[in-house]
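The values are calculated or read from the model by the stated rules, or taken from the named source; none is laboratory data. Predicted, not measured: the structure shown is a model, and the values here were computed from it. Glycine gets a Cβ as well: all are built from the backbone with ideal geometry, and neighbour counts include every protein chain shown. Surface accessibility is based on the protein's heavy atoms, side chains included, excluding ligands, DNA and RNA. Shrake-Rupley method; radii C 1.70, N 1.55, O 1.52, S 1.80 Å.
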Amino acid sequence: MEWLNYHHLFYFWTVVREGGIAAASRTLHVGRPSISAQIKSLERFVGAPLFERRGPSLELTDTGRMVHAYAEEIFRAGRELVDAVRGRPTDRPLVLRVGVTDSVSKLVAFRLLAPVLEGEAPFALDCREGAPDRLFASLAVHELDLVLSDVPIGPSVDVKAYDHFVGESTATLFATPALAKRLRRGFPGSLDGAPVLMPSRQSAVRRAFEQWLDETGLRPTVVATFEDSALLKVFGHGGHGAFPAPTVVADAIERRYGVKRIAELDDVRERTYAISVERRIGHPAVALLVERARQELFVGS
C-alpha cells in the first residue's frame, strides 16, 4: 500500500491557502527552501507538477487543483475531529449509526428515529437492517452506536452490551376491510381456522401472540411467516390473512396499508429496546431518542 505523507500535503495546502511560498513560510515559521523541498517531494509522489509559474505568481495545475480539493476535505475533517474530541461544536452533523432488527416494526422504528432528524442539533442517520446476531456483532466492533430490537440481548450472545428499555405497546390485529369485518363478529372465536400472517419465531410479539392463542384455545391457520415486518404488512394488504402489529402505530398502519383494526389484544405486548455498548448513554442522539420515546411514543399503550 502506498502511504501519503500528510506533512508534505499540509505544506502544499498552506501554500495554496496563504497565496504563495513566502506567505506560507511566515505562517509556518519554516524557511522557503524547506517548503519548496516538501512540495517537490509531494509532486514526485503524485507523479505530476502541482504548480506552474505565471509571471511572479504560482498557479495550480489540473493535478494541483485535484490534490487541493482532497486536501481541503482532509484538513477540514482533521479540524472537526479535534473539535469533536475537545467537546466543541462542529459544522458536520453527528452521525447516529443504528441497526434495526428485522422483527421491529418499520413504522415504530420511524417514529423512534424521526426525532433525531427533527431536533435542533445537527444529527444524521445511518440505518441498517438485519438479523439480530449480525447487528450485535457490528455493535461489538463499534460499527453501530445502537441496535433497536424487540428483545433484550441474550446471555448466549457474546457481546458486552446493555439493554435500555424504550417502551412497549399492546398488539392489534389487522386485516383487509372485508376480512376485518368478518372476524370482528364473534371475536375472538372467529379466529379459529382464520388465515393469519405471523412474524418470525424469533420475534417477541410472535411468542406473546402464540401464548395468547394457547390460553384461549384458538387455532388459526398460519398462511405465511415473515422475518421482515414490512413485508408481512404488504401481504396483509393483499388480503392473505390477519396480522398482529403494535397498537402505537395503528393509525399509520391503516393509512399506509389500507387495512382495518379487528381488535386490540391487551395481553399481547411488544417491547422495544435500544441496545448499546454503553451502560450509561453518552451519544446525544441516542439520549434524545430514548428520552423522546419514553415521554411520548408509548404512553397509554
Quiz item: Which one of R219, R255, R261 is open to solvent by 40 Å² or more (accessible area, probe 1.4 Å) and in a loop (DSSP other than H, G, I, E, B)?
Solution: R219
Exercise. Considering (1) open to solvent by 30 Å² or more (accessible area, probe 1.4 Å); (2) part of a helix (DSSP H, G or I); (3) farther than 15 Å from Y6 by Cα; (4) not aromatic (F, W, Y), say which one A24 fails and leave the rest.
Key: (1)
Quiz item: Are any of the residues in the range 199-213 in a strand (DSSP E or B) and over 31 Å from the mean Cα position of the chain (by Cα)?
Solution: no
Quiz item: Do you know which residues across the range 1-20 are surrounded by fewer than 19 Cβ atoms within 10 Å (Cβ to Cβ) and free of Cβ contacts under 8 Å to residues at least 60 places away in the same chain?
Solution: M1, E2, W3, L4, N5, H7, R17, E18, G19, G20
Quiz item: Is it the case that the range 75-91 has a residue that's modelled with pLDDT of 90 or more and surrounded by 13 or more Cβ atoms within 10 Å (Cβ to Cβ)?
Solution: no
Exercise. Scan the range 22-45 residue by residue and report those that are in contact (Cβ under 8 Å) with a residue 12 or more places away in the chain and small (G, A, S).
Key: A24, S36, S41
Quiz item: How many residues are within 23 Å of the chain's Cα centre (by Cα) and open to solvent by less than 70 Å² (accessible area, probe 1.4 Å) when one looks only at the range 222-234?
Solution: 6
Exercise. Looking for whichever is of a type outside the set (A, V, I, L, M) and surrounded by 18 or more Cβ atoms within 10 Å (Cβ to Cβ) here; the options are D150, D126. Which one fits?
Key: D150
Practice problem: Have a look at G236, G258, G193 and point out the one that is at positive phi and touching a helix residue (DSSP H, G or I) at 6+ places or on another chain (Cβ under 8 Å). | Solution: G258
Quiz prompt | Filtered residues of the range 261-275 (kept if closer than 30 Å to A178 by Cα and of a type in the set (V, I, T)) | solution = I262, V268
Quiz item: Of everything in the range 181-198 that's in a loop (DSSP other than H, G, I, E, B) and without any contact (Cβ under 8 Å) to a residue 60 or more places away in the chain, which residue is least open to solvent (accessible area, probe 1.4 Å)?
Solution: A194
Quiz item: Just wondering, is there one or more residues in the range 43-54 that are assigned to a helix (DSSP H, G or I), open to solvent by less than 40 Å² (accessible area, probe 1.4 Å) and within 24 Å of R79 (Cα to Cα)?
Solution: no
